[in-house]
Structure formats: structure tokens, C-alpha cells
Amino acid sequence: MRRFWQLCCIPIAILMVLSACANRNITAEDVQKGLQQQGLEVTKINAGIAEQGVESSLQLNGVFPDAFELTLPTADMANREFVFIYQYTSEEESKSANQSGGISSLRMVDLHPNIRQKKNVVVIYWSHNKQNPLMINPFTKAMNKL
């Protein structure tokens, strides 16, 4: 009976640990590392450095972003591009922020938003090119791997 108890409890404990790890929130550092793993150079900046549009606030549902500048190590970057990461306490909050009208009020001078929501974060890649964003493929791959 004792052996049976051990054989049942150990797998259950392992499953509980694994499920707890899988459900953890995503952080700005997780996104940063994911982008770096895709070959991008990711530099943390003060969000105020990025040029905002007139009448624009960087807040999204009361949250200020962690801001990063993106560059390709092998390309001459004539225009600056950015990633803004909005971290929320739950997936429900991030979905609400993503679906709110607040996203449409975010503006950057000469940049176009590419928005992804994953778990508890809303991530906006601000690209200079609206039709063919320069770093959309590594951005998408990084977000999918989170």
C-alpha cells in the first residue's frame, strides 16, 4: 500500500509543479529575451524618448509601458523602431486593455502599431513601415514562443 501511495503522489506532485510553472505571468524581461533570441538588438529606453503623437498618452488602461528600441545588427537602421510592453496582473486585464478604445489613442510620430496580446501582456511593435514592418517576423516568432 505504501508503494502504491508513493507511485500516485509523486506524479501528481510533478504535474502540480509543472502546471504552476506554465501558468506564470510574462514579464518585460521575458519579451526582451525572446526578441534577443530572434537576433534583434533590444535596448531598454525611457518611454518619453520615443516621439509621441500630438494628444497621445503612453498609458494603456492606467499602465505605462516598459519601452525598448529595436535594431537589426546587420541592417542600417535609418528609422528608429520600438517595442512597448504593457504588463497586467492577469490575462483578463490584458485582454480588456487590448480590446479597449485606449489602443486607438496611442500614437507615435511616423510609426505604425503592430499589436499582440499574450497572457498578461499587451506588446506593441512600432514600425516605420505600415505595409511591410521590418522586424515583424522575429517579433511574431518571439511572441509565439512566449
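Where a number appears in this text, it was derived from the coordinates with a stated rule and is not lab data. Predicted model, so just to flag it, every value in this text is computed and none were measured. For neighbour counting, all protein chains shown are included, and Cβ atoms are generated from backbone atoms with ideal geometry for every residue, glycine included.
Details
- Packing-based order for 57-65, 115-123, using average beta carbon neighbours within 10 Å, highest first: 115-123, 57-65
- Each label point was placed 7 Å from the Cα along the Cα-to-Cβ direction; for ARG24 and GLU91 their separation is 1.7 nm.
- Segment LEU146-GLN131, length gained on full extension (0.36 nm per residue, minus Cα span): 2.9 nm
- Extension gain, GLN99-LYS119: 0.36 nm per intervening residue step, less the Cα-Cα distance, totals 5.8 nm.
- Over 19 Å apart at the Cα level, from the set LYS33/LYS141; LYS118/LYS145; LYS44/LYS130; LYS44/LYS145; LYS95/LYS119; LYS119/LYS141, are LYS44/LYS130; LYS44/LYS145.
- Prolate/oblate/rounded call for the stretch 25-145, Cα gyration tensor, a/c under 1.5 rounded: oblate
- For the stretch 25-145, the residue among GLN117, ALA78, SER104 whose Cα projects farthest onto the positive side of the dipole built from Cβ charges is GLN117.
- Placed amide H near ASN129: partners under 5 Å, 5+ positions off or other chain: LEU134
- Taking SER104, SER127 and counting other C-beta atoms within 10 Å, the order from fewest to most: SER104, SER127
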